[in-house]
1. Just to be sure I understand the filter: pairs with C-beta atoms under 7 Å, separated by 6 or more residues or on different chains, first member in the stretch 216-232 and over 11 Å from SER114 (Cα atoms), second member near ligand 2 (Cβ under 8 Å from one of its atoms) and in a loop (DSSP other than H, G, I, E, B). Which pairs pass?
2. When the stretch 80-93 is examined, which residues are found to be more than 9 Å from ligand 1 (Cβ to nearest atom) and touching a Leu at 6+ places or on another chain (Cβ under 7 Å)?
3. Just name the residue that is farthest from the chain's Cα centre (by Cα) out of those in the stretch 209-264 that are part of a loop (DSSP other than H, G, I, E, B) and charged (D, E, K, R).
4. Would you tally the residues in the stretch 109-119 being outside any loop (DSSP other than H, G, I, E, B), touching a strand residue (DSSP E or B) at 6+ places or on another chain (Cβ under 7 Å) and away from ligand 2 (no atom under 12 Å from the Cβ)?
5. Output the number of residues of the stretch 221-244 satisfying the condition of being away from ligand 1 (no atom under 11 Å from the Cβ) and in contact with a helix residue (DSSP H, G or I) (Cβ under 6 Å, 6 or more places away or on another chain).
6. Which of the residues spanning the stretch 129-155 are modelled with pLDDT of 95 or more, among the charged types (D, E, K, R) and surrounded by 14 or more Cβ atoms within 10 Å (Cβ to Cβ)?
7. Is it true that PRO117 is more than 16 Å from ligand 1 (Cβ to nearest atom), more than 29 Å from ARG254 (Cα to Cα) and within 16 Å of the chain's Cα centre (by Cα)?
8. Go through VAL35, VAL42 for me and flag whichever is in contact with a Leu (Cβ under 8 Å, 6 or more places away or on another chain), near ligand 1 (Cβ under 10 Å from one of its atoms) and farther than 26 Å from SER191 by Cα.
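The values are calculated or read from the model by the stated rules, or taken from the named source; none is laboratory data. This is a predicted model, so every value here is computed, not measured. Note: ideal-geometry Cβ built from the backbone for every residue, glycine included; neighbour counts use all protein chains shown.
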Amino acid sequence: MSEATDPTDPTRRAGVNGVGRVLVVIPTYNEADNVSDIVGRVRRETPAVEVLVADDNSPDGTGVIADALAATDPRVHVLHRKGKEGLGAAYLAGFEWARERGYDAVVEMDADGSHAPEDLPALLAAARDADVVIGSRWTRGARVVNWPLRRLALSRCGNLYARLALGMPVSDATGGYRVYRRGALDAMDLSSVCSQGYSFQVELSRLAHRAGMRIVEVPITFAEREHGSSKMNALIVAEALWRITTWAVQDRGRAWRRGTGRAS
Ligand SMILES: Nc1nc2c(ncn2[C@@H]2O[C@H](COP(=O)(O)OP(=O)(O)OP(=O)(O)O)[C@@H](O)[C@H]2O)c(=O)[nH]1
Ligand SMILES: [Mg+2]
């Protein structure tokens, strides 16, 4: 039995101080130029964590590269999915994989290098006293590097809208660099999640907020990807706008029914 599959192995049980066993889930679609670099950086930066690459059968062979990484490092795992179903579905599958195997916390991280593994120790340190940690681009001390003005504007406006519409005290509700403690995953009704793209992050922020989870934001340095291409498109933005508006209307309806004494 290898170190990574032996539950009695002391180094494996120890995990990250104050947090426990941590699985970093990295969803990939056509990230052949990035996957080795990001997995290597995560493992070097935080040797106590394990990594799960959740690949949607990328035509560029990302899954094959990930398999080669897993073959040489027992703390790297690969979840091969049938085809492209969106970031949200890949994360939910990764969360389920982690829960089935008893991890204490799950990290969300993009494969394209936008989320620096060098920031991970700070996120994990914050997770000792939080249910959810969000690596934030829009909090004091954060930096956004090489992003075109139109992307900056989109992120700022999207976050402002999400915060006002949903009443969440979160500065970067669309950010995808996060830590969820196991208790948070258990408390949030993940079976209700319907987002596929960007709005997945907003939806999970909302679920965590509604479940009364302690959400802490940590400043990160976010950099534009250098290799490969973005999967962001107008449809993903439209989905986010539509869903945030729908949730805001539902929340107000619920508040109104509570105020008038009708059941929600
Ligand atoms: N498994 C899986 N991963 C995906 C899918 N779509 C995007 N990803 C991954 O999700 C992460 C974020 O995707 P990006 O294309 O970088 O999108 P983004 O970060 O929202 O947008 P940019 O800021 O433009 O890069 C990357 O690791 C992608 O490979 C998908 O359908 N399935
Ligand atoms: Mg990206």
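1. Matching pairs, first to second residue: GLY228/ASP112.
2. The one that is more than 9 Å from ligand 1 (Cβ to nearest atom) and touching a Leu at 6+ places or on another chain (Cβ under 7 Å): LEU92.
3. ARG262
4. 1
5. Total satisfying the criteria: 3.
6. Of everything in the stretch 129-155, those that are modelled with pLDDT of 95 or more, among the charged types (D, E, K, R) and surrounded by 14 or more Cβ atoms within 10 Å (Cβ to Cβ) turn out to be ASP131, ARG137.
7. So PRO117 does not fit the description; no.
8. Answer to the check: VAL35.
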